[in-house]
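See structure below.
Any read-out appearing in this document is the output of simple, stated calculations on the displayed coordinates, not a laboratory observation. Given the structure is predicted, the values throughout are model-derived calculations rather than measurements. No Cβ is skipped: glycine too gets one built from the backbone with ideal geometry, and neighbour counts run over all protein chains shown.
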Amino acid sequence: MNRNGDPALTPFMQSILRPFTNFVNAIKKDRYKSLKLRLFFYIGTLAGLPLIGIAMISYFWVFNILKDEFRDHLRWQLEDSQRSIESFLQEKLAGLRFLTNAYSLDELSDDTMIHTIFAKFRKEFGEIVDLGLINSEGIQLSYAGPYHLKGRDYSNQDWFQEVSIRGVYISDVFTGYRKMPHFAIAVRREMPGKHAFWVLRATVDVETLNRFLSSMQLKEYDDAFIVNKDGILQTPSRFHGKILERAALKFPVPAQDLSLMDYKRDSIYLEVGYAHIKQSSWVLGMVVQSTASSRMIELFTKDVGTLYLIIVLVIIGSIANSIITSSVVNRIQEAEQRREAAIAETEHTSKLASIGRLAAGIAHEINNPLAVINEKAGLMKDILQLIGNFPNKEKFLSIVFSITDSVDRCRTITQRLLGFARRMDVSLEIIDMNETIKEVIGFLEKEILYRNVNLDMNLSENLPKIESDRGLLQQVFLNIANNAIDALQDGGTLAIATGKKDEDTLQVIMRDNGHGIPKEVLKHIFEPFFTTKEKGKGTGLGLSISYGIMQKLGGTILVESEVNKGSTFTVEVPVKASIDLRGL
């Protein structure tokens, strides 16, 4: 039991359920996978319900057709067997009537004569076991057949009592004196003026009835038999008892001449048919397990092609559903990503605008004291030049020139800040690429020394001058170089090379032997706010801004990386910058 009082799962059950649990947890964490799964289920349900409805309607339609066909076939079998048995009995009765009318009591009482008559009768009608003449006291006067039954007393036999009353009688199956199952067909003949009668009786072996039943088209689990009005089997049954035993099948015998009914036994549905045999107490019964339901199963199991077709259609439908679901969810995901990117870009623009306002304020505040310093330095230079020679004059002049140079450098910085704040047009100038790279490295000299980075510079000579913006290029190179230094362990190597790609493009290649960038991360490195650095150490804007700068300048940035081997960034710079620089 767990803490909540619920039954605890055994380790074996936990091991079985763990993959399913992991799958459910993974689906819950990824809302797009969850959406795909739900859409797949909803589309499958919406598409499947009409098909299931059509399939069920078709199933019941075919089932009813098969049931009607099956019942018609069962009815035909019963009627055919019923007519055959009735015809057989009528034929034997007609033959016995003919003998009672054609021959007198004296003629039939003669043993020789009855044997001759029996031989002819058996040759003509067949399937007769014996023939006997019985007087009104029930004594058999003469007999022709394989048994010694002459002189036997049948006065207490049921069949004799019945034929005495009815005049014609077909008995139930019994063993009698011969101890063998048989039935008797008897005809009474009145003796005019004597108030007496005699009976001519023929017996038939049960095997004759079995032959009629065996001609019925029965399957392995079907059964056919004959019972009397008391439910005693007149023929052997496959599943419901032996001959002269009470049938094990308990059901009401219908009153109609021929009837069919459904019957359930031990959770098995059966089809039961009954047909009454005229001029007898017999009922022909047929119990069939091969119902319409089993016929439906046979149709699906035997017709493998249809089953395969259904399976293939289900698989194709599932694949199509999966494709549609994935396409819809992917479009939703792309739309949300575009929306998030637009929001991020808006936030980025807002942040840059705030930084720009701050930078503009700082630039204006710095420019005012710089103007004063520049003015005072100019005044000092003019005074020194008007005064004649005096000790350390040159030293003072060099200090003044240093002050004015520093002021000019600060003015350039503040102008750059104002340009960033105002989104002013880029200032194109003629630039030496190698000198620009050296200036950038100058900014990073202390970081390189502190991190013990080996710097390998291979700058090609005789590179053509380019027309571009020095500050923007320095920003691009500075961002890439900073990322390379961050990726290096102490003692790593940063290699920088310049060269010509073609007549219109120069290349700056920066290669490090740091930890590299995984493939799944590489495709995201130029996205805004994407960073792999620890929180607080990176904004995720450096490479994004650098890539945008190079696109605006008409160039591009290419990157190759391998985990644990390092990364290579190639910056392609056009000799003449593009004039479409409105985004900077």
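Using 0.36 nm times the number of residues separating SER84 and SER214, minus their current alpha carbon distance, what extension gain do you get?
45.6 nm
How do 376-382, 75-81 rank on mean C-beta neighbours within 10 Å, highest first?
75-81, 376-382
So, in nm, how far is label GLN279 from label LYS194 when the simple model puts each one 7 Å beyond its Cα toward the Cβ?
2.5
Provide, as a two-decimal number, the C-alpha radius of gyration of the range 425-574 over 2.2 N^0.38 Å, N being how many residues it has.
1.01
Given LYS36/LYS519; LYS219/LYS278; LYS92/LYS242; LYS523/LYS565, which pairs have Cα atoms separated by over 24 Å?
LYS36/LYS519; LYS219/LYS278; LYS92/LYS242
What's the ranking of 450-462, 93-105 by average number of surrounding C-beta atoms within 10 Å, highest first?
93-105, 450-462
Roughly what would the spin-label model give for ASP456 and PHE125, points 7 Å off Cα along C-beta, in nm?
Between ASP456 and PHE125, the simple spin-label model gives 12.2 nm.
By the scheme Lys and Arg +1, Asp and Glu -1, what is the net charge of all other residues having a beta-carbon under 13 Å from that of ARG83?
-3
By per-residue mean of other Cβ atoms within 10 Å, what is the highest-first order of 211-222, 274-285?
The peptides rank, most packed first, as 274-285, 211-222.
At 7 Å along Cα-to-Cβ for each site, give me the label-to-label distance between ASP257 and ASN389 in nm.
For ASP257 paired with ASN389, the spin-label model returns 15.9 nm.
Which net charge results when you count Lys and Arg as +1 and Asp and Glu as -1 among the other residues whose beta-carbon is under 12 Å from that of ILE441?
Net charge around ILE441: -3.
If you take the square roots of the eigenvalues of the alpha-carbon gyration tensor of the range 71-295 and sort them as a ≥ b ≥ c, do you get rounded (a/c under 1.5), prolate (a/b over b/c) or oblate?
Note, shape of the range 71-295 comes out prolate.
Putting +1 on Lys and Arg Cβ atoms and -1 on Asp and Glu Cβ atoms, find which of THR235, VAL204, LEU249 reaches farthest to the positive end of the dipole of the range 140-263.
Of the options given, the answer is VAL204.
Arrange the following residues from fewest to most other Cβ atoms within 10 Å of their Cβ: HIS182, HIS364.
Placing the least packed residue first, the sequence is HIS364, HIS182.
Arrange the following residues from fewest to most other Cβ atoms within 10 Å of their Cβ: THR203, THR112.
Ordered from fewest to most neighbouring Cβ atoms within 10 Å, THR203, THR112 come out as THR112, THR203.
Taking the beta-carbon count within 10 Å as an exposure proxy, list HIS524, HIS115 from fewest neighbours to most.
Sorted ascending by nearby Cβ count, the order is HIS524, HIS115.
Which FRET efficiency value, to the nearest 0.05, do you get for PHE98 and PHE63 by plugging their Cβ-Cβ distance into 1/(1 + (r/R0)^6) with R0 = 56 Å?
0.60
Taking R0 as 35 Å, what FRET efficiency do you get between HIS364 and ASP432 from their Cβ-Cβ distance, rounded to the nearest 0.05?
With a Förster radius of 35 Å, E is 0.60.
Can you give me the Cα centroid spacing of the range 446-501 and the range 39-118 in angstrom?
102
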